[in-house]
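Novice: Just passing along the structure, written as structure tokens.
The values are calculated or read from the model by the stated rules, or taken from the named source; none is laboratory data. Bear in mind that the values here come from a model prediction, so they are computed numbers and not experimental data. Here the Cβ is made from the backbone with ideal geometry for all residues, glycine too, and neighbour counts use every protein chain on show.
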Amino acid sequence: MKQLRDTPFLTFPRDAWSPLRAATPLTLSEEDLRQIQGLNERLDLEEVQDIYLPISRLLDLSVGAELELHRARATFLGSSAEKVPFMIGIAGSVAVGKSTTARLLQALLSRWPGHPRVDLVTTDGFLYPNRLLEERGAMGRKGFPESYDLRALVRFVSDVKSGRAEVRAPVYSHLSYDIVPGAWQVVRSPDIVILEGLNILQAGSPEGSRQRIFVSDFLDFSIFVDAQEQVVRKWYIERFVKLRDTAFQDPKSYFHRYAALSDREAEETAGRIWRDINLANLRENIAPTRERAQLILCKGEHHRVQELRLRRL
């Protein structure tokens, strides 16, 4: 473990982080991992044991500490302690592995005693419908902060954290690349909510917005999944080429027009999309929020976490 004076983080290489698992049991199988991992990721049980079991232990301890804090506050106020979900935020670039991290932690945390219900919500459902983005000439800015209905997203996390018995979130389809009309994900009094999205650690308003309350205000713990730009670019292009041979082949896919591209054309197209949209969003909006996270996972070229940075209390 490195303790640098000029940073608010403690830095752990893999071999220093892994022992923090303590006696946490491995509760996942190889089959579980196959269902969890993303299209272009290689996740194995060694990675789960060395990296993610210690994270799940840290989160379990954090949930318990937050529960005790609520009880102490209720004692002070002379009231009963209401059940309030513990909210975990997972941020990072497109193609860096946020979704896999979120699904993996959901699976691990749901197996801890006392966490029977762990819900996972992605902020994709709070993107404006394509129709509105097209009207505003903003389809090329999809994924940027201004492409989200931030008021609805903040209202959602506020309702969840206030302990409402039932809260609804819109559903997004990656096949149609759009909001699914009339479809909702219903969150019903979970113990933990994992919120995964590009910009959830932001504490600034898009230009022209009067927003004063942010998603990050409601997070009890936050994780940023990180890797070098050129590595994430490589992952993005590799994923795009694989999708060309799978999901893009479906005539209903928004990206079906890319299904007939040659390997070279697919790589060039993916590289252009990465440069013009995803890299710009990463540099302008996502990467600047990295230091606001409580835990940063620093990935190497093969999707393996090489270093972890844990914020000091």
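Novice: With the structure loaded, tell me whether Arg233 is surrounded by 14 or more Cβ atoms within 10 Å (Cβ to Cβ), modelled with pLDDT of 95 or more, basic (Lys, Arg) and in contact with a Ser or Thr (Cβ under 6 Å, 6 or more places away or on another chain) or whether it fails that test.
Specialist: no
Novice: Okay, moving on. Filtering segment 21-57 down to residues that are of a type in the set (A, V, I, L, M, F, W, C) and either over 23 Å from the mean Cα position of the chain (by Cα) or surrounded by fewer than 17 Cβ atoms within 10 Å (Cβ to Cβ) (or both), which residue is modelled with the lowest pLDDT?
Specialist: So, considering only residues that are of a type in the set (A, V, I, L, M, F, W, C) and either over 23 Å from the mean Cα position of the chain (by Cα) or surrounded by fewer than 17 Cβ atoms within 10 Å (Cβ to Cβ) (or both), the one modelled with the lowest pLDDT is Leu39.
Novice: Sticking with this structure for a sec: Go through segment 173-205 and count every residue that is of a type outside the set (S, T, N, Q), surrounded by fewer than 20 Cβ atoms within 10 Å (Cβ to Cβ) and under 14 Å from Asp124 (Cβ atoms).
Specialist: Qualifying residue count for the region: 7.
Novice: So Ile223 ticks every box in (1) under 20 Å from the mean Cα position of the chain (by Cα); (2) modelled with pLDDT of 95 or more; (3) assigned to a loop (DSSP other than H, G, I, E, B) but one. Which box is left unticked?
Specialist: It is condition (3) that Ile223 fails.
Novice: Among (1) acidic (Asp, Glu); (2) surrounded by 14 or more Cβ atoms within 10 Å (Cβ to Cβ); (3) within 30 Å of Val84 (Cβ to Cβ), where does Glu238 come up short?
Specialist: Glu238 satisfies all of (1) acidic (Asp, Glu); (2) surrounded by 14 or more Cβ atoms within 10 Å (Cβ to Cβ); (3) within 30 Å of Val84 (Cβ to Cβ) except (3).
Novice: Could you check segment 37-60 and list, in sequence order, the residues that are free of Cβ contacts under 8 Å to residues at least 24 places away in the same chain and under 19 Å from His115 (Cβ atoms)?
Specialist: Selection gives nothing.
Novice: Further question on the same structure: Hey, among the residues in segment 80-105 that are more than 23 Å from Thr289 (Cα to Cα) and surrounded by fewer than 20 Cβ atoms within 10 Å (Cβ to Cβ), which one's modelled with the highest pLDDT?
Specialist: Filtering first and then ranking leaves Val84.
Novice: May I pose another question? Which of the residues that make up segment 215-266 are aliphatic (A, V, I, L, M) and more than 30 Å from Leu109 (Cβ to Cβ)?
Specialist: Ile237, Val241, Ala259, Ala260, Leu261, Ala266
Novice: Among the residues of segment 242-266, write down those that are surrounded by fewer than 20 Cβ atoms within 10 Å (Cβ to Cβ), assigned to a helix (DSSP H, G or I) and in contact (Cβ under 8 Å) with a residue 24 or more places away in the chain.
Specialist: Result: Lys242, Ala247.
Novice: Of all residues in segment 108-158, which are in contact with a helix residue (DSSP H, G or I) (Cβ under 6 Å, 6 or more places away or on another chain), part of a strand (DSSP E or B) and among the β-branched types (Val, Ile, Thr)?
Specialist: Hit for segment 108-158 is Val118, nothing else.
Novice: Where residues in segment 266-313 are touching a Cys at 6+ places or on another chain (Cβ under 8 Å) and charged (D, E, K, R), which of them is nearest to Val96 (Cα to Cα)?
Specialist: Taking the candidates together, the pick is Glu307.
Novice: On to the next question. Please verify whether segment 290-298 includes one or more residues that are modelled with pLDDT under 95 and outside any helix (DSSP H, G or I).
Specialist: Taking every residue of segment 290-298 in turn, none turns out to be modelled with pLDDT under 95 and outside any helix (DSSP H, G or I).
Novice: Hey, which of the helices (runs of 4 or more DSSP H) in segment 1-107, taking only ones fully inside, have at least 3 residues that are among the aliphatic types (A, V, I, L, M) and within 16 Å of Val193 (Cα to Cα)?
Specialist: Those helices (runs of 4 or more DSSP H) span 53-77.
Novice: Check off (1) touching a Gly at 6+ places or on another chain (Cβ under 6 Å); (2) more than 24 Å from His302 (Cβ to Cβ) for Ser80 and give me the number that stays unchecked.
Specialist: For Ser80, the failing item is (1).
Novice: Can you pull out the residues in segment 163-187 that are in a loop (DSSP other than H, G, I, E, B) and without any contact (Cβ under 8 Å) to a residue 60 or more places away in the chain?
Specialist: Residues satisfying the conditions are Arg164, Ala165, Glu166.
Novice: Right, another one. Under the condition of being hydroxyl-bearing (Ser, Thr, Tyr) and at pLDDT 95 or above, which residue from segment 158-172 is surrounded by the most Cβ atoms within 10 Å (Cβ to Cβ)?
Specialist: Tyr172
Novice: Do we have Ala287 as in a loop (DSSP other than H, G, I, E, B), within 22 Å of Pro8 (Cα to Cα) and either touching a Lys or Arg at 6+ places or on another chain (Cβ under 7 Å) or among the aliphatic types (A, V, I, L, M) (or both) here?
Specialist: Criteria not met by Ala287.
Novice: Just wondering, is there one or more residues in segment 90-106 that are free of Cβ contacts under 8 Å to residues at least 40 places away in the same chain, touching a helix residue (DSSP H, G or I) at 6+ places or on another chain (Cβ under 8 Å) and not hydroxyl-bearing (Ser, Thr, Tyr)?
Specialist: no
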